[in-house]
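Worksheet: one structure, shown below.
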Amino acid sequence: MSLFTNISKLSTTIGAEINDFDLKNVSKDDVQEFRAILSEHKVIFFPDQELTIEEHVAFGELFGELEGHPHINNPNVKHPKIFELAASTGGIADEWHTDLTFQKRPALMSILKMTAAPDVGGDTMWTDLVAAFKAMSKPMQDLCSSITALHDASPHMHPEKMMIHPVVRKHPDTGEAVLYVNEHFTRRIVELSHEESEQLLSFLTKWVQKPDFSVRYKWSKNTIAIWDNRSTQHLVVNNFEGERIIQRVTVTGDIVEPFGELNHDAWGNNNKFSAKSRNDLQLIGYLDSQKENH
Ligand SMILES: [Fe+2]
């Protein structure tokens with residue numbers, strides 16, 4: 001018998017609310033079923049959960065190793081595995097993003113508890129990056145599957161932290177293609193010129209935001225959301241007054257594997273000019289640093 005008896009889908013391909021379920025009762029034996037339902041719905045919501053900080057952390061540890069946030073300090077809770085954001089101290093994630101894609105192993109999944117919700121506004125939206133890939137034309141899918149992109153942590157005031165990932169990753173559990181660029185952290189398509197990269201990234205980062213692929217959730221205090229960070233992006237709708245506090249645990253991710261064959265050289269390798277455009281300096285500097293490290 002299924003662990004979950006009361007599931008309501010919230011949109012065609014992404015999001016489900018699960019009622020009449022207490023996350024305190026979950027054990028290691030239930031992890032496979034959680035993974036399956038998360039792969040299917042990509043973000044799942046459990047209202048009315050009374051987990052303490054320690055119970056929240058213990059629940060997260062069922063799914064793997066947890067990581068704190070590399071750059072942002074919590075305003076209230078001083079627990080190394082809890083990441084906390086409070087609107088009153090300026091914490092609002094109001095640009096579309098996949099968490100921590102400037103890292104070698106971006107977060108695998110996030111488990112977020114809403115501890116203070118505004119009466120109105122402050123919803124969160126998620127978008128389905130598998131649906132976004134599927135809806136593109138075959139020539140565009142082929143192009144995107146053959147290239148990579150540079151991500152950096154400049155939104156966290158750490159532009160020196162960079163990582164290159166495939167533009168289309170293969171989901172490790174489902175094998176599906178995931179369109180893996182976001183407006184918050186993705187800076188540059190590695191194999192294209194600056195001008196080409198600007199146009200393509202602009203298209204792709206807007207494309208994934210299409211309402212067709214998304215779900216929007218209105219919070220109540222003590223709702224817990226769990227999302228697959230490998231196949232989604234999210235943002236907070238910044239339209240509320242008053243306090244909004246979230247506490248999150250983050251499961252450490254895996255290496256991002258490409259969906260297709262990456263068969264192009266980085267931009268610059270075929271550049272016949274000796275002087276480098278300022279628009280290419282970040283990319284060239286990063287590629288040079290990687291050569292030095294090997
Ligand atoms: Fe986030």
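The values are calculated or read from the model by the stated rules, or taken from the named source; none is laboratory data. The structure displayed is predicted, hence computed values, not measured ones. Cβ sites come from the backbone with ideal geometry, for glycine too, and all protein chains shown count toward neighbours.
Observations on the structure shown:
- Residues considered: 123, 99, 94, 173. Of these, the only one that is more than 23 Å from residue 262 (Cα to Cα), in contact (Cβ under 8 Å) with a residue 24 or more places away in the chain and in contact with a Lys or Arg (Cβ under 7 Å, 6 or more places away or on another chain) is 123.
- Some residue of the stretch 255-263 being within 30 Å of residue 63 (Cβ to Cβ) and at pLDDT below 95: yes
- Residue in the stretch 173-194 that is among the aromatic types (Phe, Trp, Tyr) and under 15 Å from the mean Cα position of the chain (by Cα) present: yes
- Residue match in the stretch 191-203 (condition: within 24 Å of residue 89 (Cβ to Cβ) and either within 16 Å of the ligand (Cβ to nearest atom) or surrounded by 15 or more Cβ atoms within 10 Å (Cβ to Cβ) (or both)): no
- Residues that are under 25 Å from residue 31 (Cβ atoms) number at least 1 in the following strands (runs of 3 or more DSSP E) confined to the stretch 174-291: 177-179, 214-217, 224-228, 232-236, 245-251.
- Residue check for residue 10: in contact with a strand residue (DSSP E or B) (Cβ under 7 Å, 6 or more places away or on another chain), within 17 Å of residue 219 (Cα to Cα) and surrounded by fewer than 19 Cβ atoms within 10 Å (Cβ to Cβ): yes
- Scanning the stretch 212-250 for residues that are of a type in the set (Phe, Trp, Tyr), closer than 20 Å to residue 9 by Cα and away from the ligand (no atom under 13 Å from the Cβ) yields a total of 3.
- Among the candidates 182, 222, residue that is touching a residue at least 12 places away in the same chain (Cβ under 8 Å) and either buried (at least 19 other Cβ atoms within 10 Å of the Cβ) or in contact with a Cys (Cβ under 6 Å, 6 or more places away or on another chain) (or both): 182
- Some residue of the stretch 155-168 being outside any helix (DSSP H, G or I), in contact with a Lys or Arg (Cβ under 7 Å, 6 or more places away or on another chain) and either modelled with pLDDT of 95 or more or at negative phi (or both): yes
- The one condition from (1) within 16 Å of the ligand (Cβ to nearest atom); (2) surrounded by 19 or more Cβ atoms within 10 Å (Cβ to Cβ); (3) within 13 Å of the chain's Cα centre (by Cα) that residue 256 does not meet is (1).
Condition check ((1) within 14 Å of the ligand (Cβ to nearest atom); (2) more than 26 Å from residue 218 (Cβ to Cβ); (3) surrounded by fewer than 23 Cβ atoms within 10 Å (Cβ to Cβ)) across all residues:
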{"site": "98", "(1), (2), (3)": "yes, no, no"}
{"site": "109", "(1), (2), (3)": "yes, no, no"}
{"site": "125", "(1), (2), (3)": "yes, no, yes"}
{"site": "131", "(1), (2), (3)": "no, no, yes"}
{"site": "141", "(1), (2), (3)": "no, yes, yes"}
{"site": "145", "(1), (2), (3)": "no, yes, yes"}
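- Flag for residue 46 being in contact (Cβ under 8 Å) with a residue 60 or more places away in the chain, among the aromatic types (Phe, Trp, Tyr) and touching a helix residue (DSSP H, G or I) at 6+ places or on another chain (Cβ under 9 Å): yes
- Condition met for residue 77 (more than 16 Å from the ligand (Cβ to nearest atom), under 19 Å from residue 23 (Cβ atoms) and not aromatic (Phe, Trp, Tyr)): yes
- Every test in (1) surrounded by 14 or more Cβ atoms within 10 Å (Cβ to Cβ); (2) within 16 Å of the ligand (Cβ to nearest atom) is passed by residue 90 save one, and that test is (1).
- Conditions (1) under 15 Å from the mean Cα position of the chain (by Cα); (2) among the small types (Gly, Ala, Ser); (3) more than 30 Å from residue 191 (Cα to Cα): number failed by residue 88: (1)
- The residue list 54, 33 contains one member that is in a helix (DSSP H, G or I), more than 16 Å from the ligand (Cβ to nearest atom) and in contact (Cβ under 8 Å) with a residue 24 or more places away in the chain, which is 33.
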